[in-house]
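**Q** Input: one structure, supplied below.
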């Protein structure tokens, strides 16, 4: 069943543009408006000028990783919710997710049900 979201824009941050577009299309199914940043630097710039209800960031990106972006958001936008997406294929990634405590974890590959569940939890 198609669930309408009541969120403001969602910021997708992923250097893999195919993955980012796929996620954007899935969010569109739930009528969740979103924008895409190709890397953490661009995301920080967009966060300075726009309001979002959620940031979904990949863990592995050049220059500014998803975890570095999460730390920036916690300092500069403490009420902004963050979902980290990763394949969780290493103990290092698992440890970072537990240590840095994003609001949500989105496993890759994700399914439509994962997106629906994530959207239902946004404050």
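The values are calculated or read from the model by the stated rules, or taken from the named source; none is laboratory data. All values derive from a computational prediction rather than experimental measurement. Positions of Cβ are generated from backbone atoms using ideal geometry, with glycine treated the same way; all protein chains shown enter the neighbour counts.
**Q** Mind checking which residues of segment 27-65 are in a helix (DSSP H, G or I) and touching a residue at least 60 places away in the same chain (Cβ under 8 Å)?
**A** 27, 29 - these are the residues of segment 27-65 that are in a helix (DSSP H, G or I) and touching a residue at least 60 places away in the same chain (Cβ under 8 Å).
**Q** Does at least one position in segment 56-63 carry a residue that is at pLDDT 95 or above and either under 21 Å from residue 116 (Cβ atoms) or surrounded by 15 or more Cβ atoms within 10 Å (Cβ to Cβ) (or both)?
**A** So far as segment 56-63 goes, yes, one or more of its residues are at pLDDT 95 or above and either under 21 Å from residue 116 (Cβ atoms) or surrounded by 15 or more Cβ atoms within 10 Å (Cβ to Cβ) (or both).
**Q** All but one of (1) within 13 Å of residue 12 (Cα to Cα); (2) at pLDDT 95 or above hold for residue 73; which doesn't?
**A** With respect to (1) within 13 Å of residue 12 (Cα to Cα); (2) at pLDDT 95 or above, residue 73 is out only on (1).
**Q** Among the residues of segment 79-102, count how many are surrounded by fewer than 17 Cβ atoms within 10 Å (Cβ to Cβ) and either at pLDDT below 90 or over 15 Å from the mean Cα position of the chain (by Cα) (or both).
**A** Matching residues across segment 79-102 total 12.
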